[in-house]
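K.L.:
Can you read through this structure? Questions will come right after.
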Amino acid sequence: MRNGLVDLHLHSKFSCDGDFLPEELARMARDNGFRAIAIADHDTVAGYPKAIEAGQKYGVEVISSIELTTIFDSREFHLLLPLVNWKSKTIKSLVSQMKENRMEEAKVRVQRLREIGLELDWDEVWTRSGQNPPLGVKIAQILLDKPENRQNPRLKKYYDQDGQPFAPFLFYQDFFAEGGLAYVPKKYPKLEEVLKLAPLTGGVPVLSHPGAYFQLATREDLTYLKEIGLQGLEVYTSYHHQDEIEYYKKIAEELDLVITAGSDFHGRIKPGVKFGLIKEGDYSMVERLRERKS
Ligand SMILES: [Zn+2]
Ligand SMILES: [Zn+2]
């Protein structure tokens, strides 16, 4: 029996790579028949409590969340914390530490791009990212939007594929990934440490998109993570094909992890991911997460 459609993984403007305000997301959720949504911005809870109020306005339950960027076994693992208490001291200190690290990373990235002759300046990046430390894809987007860069032969391929919507991602992989000309080593907290702190935040730790190309979580990884506090697995996501959905669903059931669903909708930056894309989310997922709340 279905209890109502939910999407437990959306990004708002506060993510710095999202296009919509929490209020707009709540309206879209209502228009698409959602009972509940979770706004899980990257490493920030700045959208709360406004997001909750916006939900009330549109009759959609907004579940507090955040998506934390962490390092596990030298890979980048994203962790959702649905039901997080955005006022908790633990989340505040985690977020401020991450903001500082990201700021440093973004500044060095912009510096490296300038050194190789690309047109970009930090003040512009800072303004256009809503005065939030921008992620690499956002920096790429700002760079590629600048008309001055259109003439640069080094950047030709990102414009040649006009209508190629993933240009900022391509740029990211070429320039910011390890080995790229503007590569900056990342300083994210260890997933193990975040899992240890999670109970203090009120959030229920759920691993985002385990099959994403930068994560590729194995059964062994998940068995270990469950032992140290992981409670849920995002099985239904725009990152997974049907075979990955089946693979992770089976593991989640075996390991007694709560299965969740989320589109990872951002807007323009992920044009392939339309609002309401993931239809498997059900309110019973929220109820199961609540049962796991410590
Ligand atoms: Zn993610
Ligand atoms: Zn996400």
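Quick note: the coordinates plus some simple rules give every number you see, no bench work behind them. It should be emphasised that the depicted structure is a prediction, and the values quoted were computed from it without experimental measurement. Backbone-built Cβ (ideal geometry, glycine too); neighbour counts: all protein chains shown.
K.L.:
Please rank Trp126, Trp86, fewest neighbouring Cβ atoms within 10 Å first, as an exposure proxy.
P.N.:
Working: Trp126 18, Trp86 22.
Fewest-to-most ranking of Trp126, Trp86: Trp126, Trp86.
K.L.:
Now for a different question. Considering the chain as a Gaussian network with a 10 Å cut-off on Cα pairs, which listed residue, Pro82, Pro133, Pro147, attains the greatest mean-square fluctuation?
P.N.:
Pro147
K.L.:
Another question, if that's okay. Binning at 5 Å from 0, report for region 25-172 what percent of all alpha-carbon pair distances ends up in each bin.
P.N.:
For region 25-172, the pair-distance distribution reads 2, 9, 14, 16, 15, 15, 14, 9, 5, 1, 0.
K.L.:
So for region 37-116, averaging the separation of alpha carbon pairs under 8 Å that are six or more residues apart and normalising by length, what relative contact order in percent results? Let's see the in-between values first.
P.N.:
Numbers: 88 pairs, mean separation 20.7, N = 80.
For region 37-116, the relative contact order is 26 percent.
K.L.:
Give me the one-decimal nm value for the distance between modelled label points at Gln56 and His241, 7 Å along each residue's Cα-to-Cβ direction.
P.N.:
4.6
K.L.:
Okay, next question. Once the convex hull of the C-alpha atoms of region 179-279 is built, how many Å³ does it hold per residue, rounded to a whole number?
P.N.:
Working: hull volume 14.5 nm³, N = 101.
So the per-residue Cα hull volume is 144 Å³.
K.L.:
Moving to a separate point now. Give me, ordered by chain and number, the residues 5 or more places off Ile259 or on other chains with an amide H under 5 Å from its own placed amide H.
P.N.:
Hits under the 5 Å cutoff: Leu233.
K.L.:
Is the shape of region 110-235 best called rounded, prolate or oblate, per the rule: a/c under 1.5 gives rounded, else a/b larger than b/c gives prolate, else oblate, with a ≥ b ≥ c the square roots of the Cα gyration tensor eigenvalues?
P.N.:
Numbers: a/c = 2.69, a/b = 2.08, b/c = 1.29.
Note, shape of region 110-235 comes out prolate.
K.L.:
Share of antiparallel DSSP beta bridges in the chain, in percent to the nearest 5?
P.N.:
Values: 9 of 27 bridges.
DSSP beta bridges in the chain are roughly 35 percent antiparallel.
K.L.:
Let me ask something else. Would you mind ranking Tyr58, Tyr159 by Cβ crowding within 10 Å, fewest neighbours first?
P.N.:
Details: Tyr58 17, Tyr159 14.
Fewest-to-most Cβ neighbours within 10 Å comes out as Tyr159, Tyr58.
K.L.:
Taking the Cα atoms of the chain, report the difference between the largest and smallest coordinate on each principal axis, in whole Å and largest first.
P.N.:
In descending order, the Cα extents are 56, 40, 40 Å.
K.L.:
Hey, what's the per residue convex hull volume over the C-alpha atoms of region 96-176, in cubic angstrom? Can you show the working numbers first?
P.N.:
Values: hull volume 7.2 nm³, N = 81.
Value for region 96-176: 89 Å³ per residue.
K.L.:
Listing Thr69, Thr90, Thr260, Thr237 from the residue with the fewest other Cβ atoms within 10 Å to the one with the most, what is the order? Display every interim value, and only then the final one.
P.N.:
Values: Thr69 20, Thr90 17, Thr260 31, Thr237 26.
Ordered by Cβ neighbours within 10 Å, fewest first: Thr90, Thr69, Thr237, Thr260.
K.L.:
Once you keep just the Cα pairs under 8 angstrom separated by 6 or more residues, what percentage relative contact order results for region 128-222? Walk me through the numbers before you get to the answer.
P.N.:
Numbers: 47 pairs, mean separation 14.3, N = 95.
Once divided by the residue count of region 128-222, the mean separation gives 15 percent.
K.L.:
How many nm is it between the label spots at Tyr183 and Glu291, if each spot is 7 Å from the Cα in line with the beta carbon?
P.N.:
For Tyr183 paired with Glu291, the spin-label model returns 4.5 nm.
K.L.:
Here's something else I'd like to know. Which of Lys250/Lys270; Lys99/Lys274; Lys13/Lys87; Lys196/Lys226; Lys50/Lys87; Lys107/Lys146 have a Cα-Cα distance over 23 Å?
P.N.:
Values: Lys250/Lys270 28 Å; Lys99/Lys274 28 Å; Lys13/Lys87 20 Å; Lys196/Lys226 12 Å; Lys50/Lys87 13 Å; Lys107/Lys146 18 Å.
Long pairs (Cα-Cα over 23 Å): Lys250/Lys270; Lys99/Lys274.
K.L.:
Also: Calculate the dipole size of region 96-176 relative to its Cα centre from +1 charges on Lys and Arg beta carbons and -1 charges on Asp and Glu beta carbons; express the result in debye to the nearest 20. Mind dumping the intermediate values first?
P.N.:
On the way: 13 positive and 13 negative charges, 26 e Å.
The dipole of region 96-176 has a size of about 120 debye.
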